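Here's the structure, in structure tokens; my notes come after.
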Amino acid sequence: GGDFEWTTIPKIVLSIGFLAWLIWYLSRGRKVVLPFTDRILPNVDLRPLAALAFCFGCASIAGVMGLSAAYGAFIAGLIVGNSTLRHPITETVVPIQSILMMVFFLSIGLLLDMAYIWDNLGRVLLLFFLVSVFKTVINVGFLRALGQPWDRAFLAGVMLAQIGEFSFLLSVVGVSSGVLNADDSRLVVSVTVMSLALSPLWVVTARRIQAIAHEGVSSGGELVRLVYAPETEILSETLDTARSRTMRQLRKGALLLRRGRLRRARRKKAQALAAAPPKDAVPVADDGQSKLAPKAPTKPKPKQKAK
């Protein structure tokens, strides 16, 4: 972006350096003793309040220093997670964590632009595929270099290939610092959401590919058929059931339609017979118009007596 300020580079370098030093210090196995631990630990009600106060305090300090408030909250989490209050505070902040998790994904849903994804679907899918494959290859290579067996390195590399929720925070920080523009931020959010949504399918596919690797698959079609055989079978059974039910309903509908036509034909025929004149009526002239009148009954001739 054009709004990037070069004066932020020293702040970024210092924040990265402090984070690296903190991770190194905490990884030595020492537990941090926070202030007022002896008063917070016995009181269950003070534990979540103390955790929130420490989180907001670190976030405020980071904001005053010109850094991201999320960076300060992350630092607070690292410190509390490696302190003597880790387990007591973790037990008490689980309900708060669930609420904040819902709020977080609500905000992600608000940031997601479906029109942008549809207009740039090819670009989003290509970037998602490249990022997933690249991260998978890098993860598998590192795990293999660390001495992990191939099957474990492959599955772990695939599971770690998804783009994490931390990318949302990075996109927001990038926009606020001028590194990314609005279009780049929408692209990052779209790819990250797609990665989170498709990661279960990615992992299941990798597990099944590993399971059938020894069967000697020779074509892509056979590979797809073997990998997604359970889903294909379920889909085939569902289509067969839907087809049979549809044909049954169509036959029932055709039978009802034929019965309806027959009833209408009978009704029309009965109406026509009721409106037709009697068969023994003869035309009678009346004011120049011919009308039908019933024939006069004829008297039978008297029989002649025999002489």
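FYI, it's all coordinate maths here, none of it is from the lab. Model, not experiment: these values are computed from the prediction. No Cβ is skipped: glycine too gets one built from the backbone with ideal geometry, and neighbour counts run over all protein chains shown.
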* **Peptides 165-173, 249-257 ordered by average Cβ neighbours within 10 Å, highest first** => 165-173, 249-257
* **Stretch gain in nm, segment Asn43-Leu130, where the contour uses 0.36 nm per residue and the Cα spacing is subtracted** => 26.3 nm
* So how compact is segment 7-92: Cα radius of gyration and Dmax in angstrom? -> 14.0, 46
* Structure fact -> Relative contact order in percent for segment 7-92 (Cα pairs under 8 Å, 6+ apart) equals 35
* Asked: Peptides 153-161, 114-122: what's the order by average Cβ count within 10 Å, highest mean first?
  -> 153-161, 114-122
* So how many Å³ per residue does the convex hull of the Cα atoms of segment 42-172 work out to? -> 168
